[in-house]
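For reference, the structure is listed below as structure tokens.
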Amino acid sequence: MTSHDMRRSKNRRGGRSFVPVLLAGLVASAPAWADAAPGATACTGCHGPAALGSAIPSLDGHAADDIVAQMQAFRSGERKATVMDRIARGFTEEETRAIAEWLAKPEAARHAQP
Amino acid sequence: MPNRRALIGGAAASVAAAVLAAPQVRAQAQPPVIVIGGGFAGASCARALKQLDRDLAVTLIEPETVYLACPFSNAVLAGLRGIEAQTFRYDQFGDIGLIRKRAVAVDAERRRVRLEDGTDIGYVRLVLAPGVDLRFDALPGYDEAAVAIMPHAWKAGAQTLLLRDQLAAMPDGGVVILSAPANPFRCPPGPYERASLIAHYLKTSKPRSKLIILDAKDAFSKQRLFEAAWQELYPGLIEWVPLSSGGRVTEVDPATRTLVTEFGNHKADVANVIPPQRAGGIAQSAGVADQTGWCPIDPVTFESRLQPAIHVIGDAAIGGAMPKSAFSANAQAKACAAAVAALVRERQPAQPKLINTCYSLVAPGYGISIAGVYRPRDGLLAEVEGAGGTSPLEAPLSVRELEAAYAEDWFRTITSEVFG
């Protein structure tokens with residue numbers, strides 16, 4: 001990732017430390033990662049930040065409904081794929097929906113960075 | 001033993017304190033989650049733990065200053081890629097405590113890790129990601145000295161370059177022999193990708209040469225795809241000798257570069273011996289490896305079946321249907337981190353679902369893949385039926401080109417996620 005992204009994510013993290021201590025105590029400072037639907041964190045092994053400019057499309061900025069529809073199209077074979085058809089068939093509609101909702105959250109919440 | 005009671009009392013007291021204290025104070029009072037091993041599994045896990053809980057103290061123990069990645073190292077030894085493309089530094093780990101020392105022992109009862117300099121540090125939970133150790137007791141003649149003559153190149157780095165240089169120095173018309181181990185081992189399609197890329201090198205640079213694979217198995221990953229591609233791209237160049245035809249190597253003689261099988265001796269100009277493997281040494285010392293040499297785990301939390309509060313991920317773990325791959329290691333690391341973060345907060349870990357995708361290059365611009373989706377079932381990570389599988393046997397070259405491009409980009413993406 002670029003140093004610009006790095007700064008951005010650092011700034012976001014910096015913001016989090018101002019969360020009131022009482023609230024943090026209640027929710028144990030639960031960040032978005034803790035809400036990741038089963039299977040969701042595996043996606044970023046291939047689908048990286050858009051800034052990486054990969055041939056494998058980034059999932060950044062996709063609406064949940066769009067991801068669900070694409071996965072459905074992969075599952076049914078309506079959308080041709082190299083591996084996504086094989087992977088999409090491993091998830092139910094409900095599981096796919098949960099993953100898509102999580103993936104649709106802001107970028108900093110998804111990509112693993114310290 | 002009296003110390004143990006005192007320790008448990010101390011632990012209970014600090015848990016009580018944690019309930020009352022603010023998270024920052026709790027984080028300081030509680031020992032860290034320690035991750036041993038900075039490969040695809042360990043580095044991913046340390047990162048994910050921090051992502052899950054900023055207040056959690058996370059320590060990564062890794063003695064090396066750089067990581068040399070195995071995926072794509074077959075392209076290096078075939079002269080298609082520089083080793084620098086495989087090299088990653090540990091300088092992007094933010095506030096993860098990085099200890100550049102070797103962990104030499106684990107005291108599972110007292111929950112402490114001993115480092116090579118004699119210091120020891122406590123943990124609340126330990127994640128072991130030690131990768132594999134090559135077994136130098138499994139193949140007569142193949143000891144630590146033999147690797148200088150018959151490289152394994154199964155850990156990327158100097159061994160990769162040695163095998164590359166041996167291939168480059170071999171005269172045209174030479175015989176390359178690759179010995180592949182029985183299951184399980186790191187990267188199931190790896191020996192066959194390697195055979196393919198060596199064949200590509202021989203075809204383009206030393207066309208009168210030959211490659212023999214002596215295999216301790218009768219079947220291998222993506223076999224039909226590899227064999228069809230070999231037929232198409234390298235006719236007559238690769239000979240695969242399965243177990244049932246005498247493929248299992250029972251002894252080697254480095255001095256004469258001879259590989260012995262039950263059916264006879266094979267003399268090589270270049271011998272690449274991929275020996276049997278087991279979980280990395282620290283797993284043996286921590287008591288988390290069983291008699292197979294690998295580590296049985298709970299498929300939900302990756303916690304060892306043999307020792308409490310120690311989790312094992314990546315190649316060292318018995319991953320059920322999941323192969324020992326960098327992709328699996330990364331996916332397991334993130335699932336394990338979620339479980340560890342939950343357990344530290346005394347919450348119920350969620351049932352994970354995991355994915356693996358392994359690409360292999362059969363030639364430059366010719367990629368094939370195998371994928372799977374996994375979930376805990378009957379105490380193991382089992383494949384979700386109806387999903388996964390390999391690339392189609394019949395496909396236009398454009399599909400193979402696309403998969404080769406995806407393979408490259410997968411590597412870029414995953415290494416940027418893991419190493420920053």
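Observations on the model:
- Only DSSP H runs of four or more residues enter the estimate; each adds -39500 (n - 2.57), and after division by the residues of chain B the mean residue ellipticity at 222 nm equals -10000 deg cm²/dmol.
- Principal-axis analysis of the Cα atoms of chain B puts helix B:326-344 at an angle of about 10° to the longest axis.
- Residues in the stretch B:331-366 reached by a label modelled at B:Ala395 [backbone nitrogen below 17 Å; 7 Å Cα→Cβ]: B:356-366
- Simple rule: put +1 on each Lys or Arg Cβ and -1 on each Asp or Glu Cβ in chain B, find the dipole, and look at B:Leu225, B:Ala105, B:Gly247; the Cα lying farthest toward the positive end is B:Ala105.
- The DSSP beta bridges internal to chain B are antiparallel in roughly 55% of cases.
- On Cα atoms only, tilt of B:2-20 relative to the major axis of chain B in degrees: 80 degrees
- Over the stretch A:32-109, accessible surface divided per residue gives 43 Å², non-protein components excluded, 1.4 Å probe.
- Model label sites at A:Ala50 and B:Asn265, defined 7 Å from Cα along the beta-carbon direction, differ in position by 6.5 nm.
- Rounded to the nearest 20 debye, dipole of chain B from Cβ charges on Lys, Arg, Asp, Glu: 820 debye
- Debye, to nearest 20: dipole size of the stretch A:32-109, +1 on Lys, Arg Cβ, -1 on Asp, Glu Cβ: 320 debye
- Pairwise Cα distances in the stretch B:52-123 exceed 21 Å for 47 percent of all pairs.
- With the whole protein complex present, B:Trp230 retains an accessible surface near 20 Å², based on a 1.4 Å probe.
- Our note on the geometry: Cα centres of the stretch B:233-292 and the stretch B:46-113, 28 Å apart.
- Cut-off 11 Å, label 7 Å out along Cα→Cβ of A:Glu94, residues of the stretch A:45-73 by amide N: none
- Rg [Å, one decimal], Dmax [Å, integer] - the stretch A:32-109, C-alpha atoms: 11.9, 33
- Between 0 and 90 degrees, the angle of helix B:397-419 with respect to the longest Cα principal axis of chain B falls at about 30 degrees.
- When the stretch B:146-275 is reduced to its Cα atoms, the Kirkwood hydrodynamic radius in Å: 14.6 Å
- Available extension along the chain between B:Thr65 and B:Ala255 is 65.0 nm, counting 0.36 nm per residue and deducting the alpha carbon span.
- Protein heavy-atom surface of chain B, 1.4 angstrom probe: 52% of the accessible area is carbon and sulfur, with nucleic acids and ligands not counted.
- Here r is the Cβ-Cβ distance between A:Ala69 and B:Asp91 and R0 is 35 Å; the resulting FRET efficiency, rounded to 0.05, is 0.30.
- Taken across both chains, chains B and A shield about 3700 Å² of accessible surface from a 1.4 Å probe.
- For the peptide B:379-386, the mean number of other protein chain Cβ atoms found within 10 angstrom of a residue's Cβ is 2.
- Put the Cα centre of the stretch B:360-420 next to the Cα centre of the stretch B:315-358 and the gap is 18 Å.
- 10 Å Cβ neighbours from other chains, averaged over peptide B:398-408: 2
- Across all Cα pairs in chain B, the calculated P(r) in 20 Å bins from zero up to the longest distance comes to 26, 54, 18, 2 percent per bin.
- Square roots of five times the Cα gyration tensor eigenvalues for the stretch B:342-420, Å: 31, 19, 7
- FRET efficiency, B:Asp290 to B:Arg208 (Cβ-Cβ, R0 41 Å, nearest 0.05): 0.30
- Per-residue mean of C-beta atoms belonging to partner chains within 10 Å, peptide B:47-57: 6
- Kirkwood-based Rg to Rh ratio, the protein assembly as shown, C-alpha trace: 0.98
- Net dipole in debye of the protein assembly as shown [+1 Lys, Arg Cβ; -1 Asp, Glu Cβ; about Cα centre; nearest 20]: 1080 debye
- Highest-fluctuation residue, B:Ser179, B:Ser244, B:Ser73 considered, GNM on chain B with Cα pairs under 10 Å: B:Ser244
The values are calculated or read from the model by the stated rules, or taken from the named source; none is laboratory data. Remember, it's a predicted structure, so these values are computed and weren't measured experimentally. Neighbour counts are summed over all protein chains in view; Cβ atoms, including those assigned to glycine, are modelled from backbone coordinates with ideal geometry. Accessible surface areas use protein heavy atoms only, side chains included; no ligands, DNA or RNA. Shrake-Rupley method; radii C 1.70, N 1.55, O 1.52, S 1.80 Å.
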